[in-house]
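The values are calculated or read from the model by the stated rules, or taken from the named source; none is laboratory data. Given the structure is predicted, the values throughout are model-derived calculations rather than measurements. Every residue, glycine as well, gets a Cβ built from its backbone with ideal geometry; the counts of neighbours run over all protein chains shown. Keep in mind that these areas ignore ligands, DNA and RNA; they rest on the heavy atoms of the full protein, side chains included. Shrake-Rupley method; radii C 1.70, N 1.55, O 1.52, S 1.80 Å.
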Amino acid sequence: LLATCYAIANESRRLLVGDRVSVLVRHGAACRLFAVSGADSFSRRANCVQFLERVAGAVVAAGDALWHPAGEALPPQIEAPLDAYLDESHATGVGILPLRAVPRSDSSAEAKTLGAMVVECFYRRPDEPLRETTAALVPHIALALQNALELARLPLGRFLRRLGSLLHSLRGRRLAVCGIVAAAILVVVAALSLVPADFSVEAR
């Protein structure tokens, strides 16, 4: 999941020619920041991170994408955390887009919101080409995030992934050597278990 979020953030920034892209994953009613383009790590206690999580959670709860500045009034539950975040980050423009799961069946149930993608501009304002390209990327990003979340939530998912990585590394000659060693160990265990032998015990 973490690797997918970082791939989304960095590749989206390259495609959008934006200044910064962040990926947040929804946890209950809140959103949690997972990846920021161009940064290997970040402090979760930073004011900028906390403000971003608050405004993203408010936008996800509202359900519609937000672009600022847009020239229209915002509801107070979004305007207050957005102003706090812009004061902290000094961004001149920001887009917050909810990422919705792709339905796996033909059911008419509303798609679940998985998280949010945040596009920030520091030296220009978001223009129409940027918004159109971002809107075209959102379904693909949502699908990638959905697959990563489903894989992360599988029972024994981490163990199976590590086992798969181990088997992937044991290829060719190394796999043959490991197979011979494993077969030898099985032969010894079978011999100790099946071949009869005398066992004498002296006692008073």
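A few points about this structure:
- Qualifying residue in segment 13-21 (condition: surrounded by fewer than 21 Cβ atoms within 10 Å (Cβ to Cβ), touching a strand residue (DSSP E or B) at 6+ places or on another chain (Cβ under 8 Å) and closer than 19 Å to ALA101 by Cα): no
Residue-by-condition table, conditions (1) touching a helix residue (DSSP H, G or I) at 6+ places or on another chain (Cβ under 8 Å); (2) over 14 Å from VAL59 (Cβ atoms); (3) open to solvent by 50 Å² or more (accessible area, probe 1.4 Å):
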residue: HIS90; (1), (2), (3): no, yes, yes
residue: GLY93; (1), (2), (3): no, yes, no
residue: PRO98; (1), (2), (3): yes, no, no
residue: PRO103; (1), (2), (3): no, yes, yes
residue: VAL118; (1), (2), (3): yes, no, no
residue: GLU128; (1), (2), (3): no, yes, yes
residue: THR133; (1), (2), (3): yes, yes, yes
residue: ALA144; (1), (2), (3): yes, yes, no
residue: LEU149; (1), (2), (3): no, yes, no
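- Qualifying residue in segment 68-81 (condition: closer than 21 Å to ILE8 by Cβ and of a type outside the set (D, E, K, R)): no
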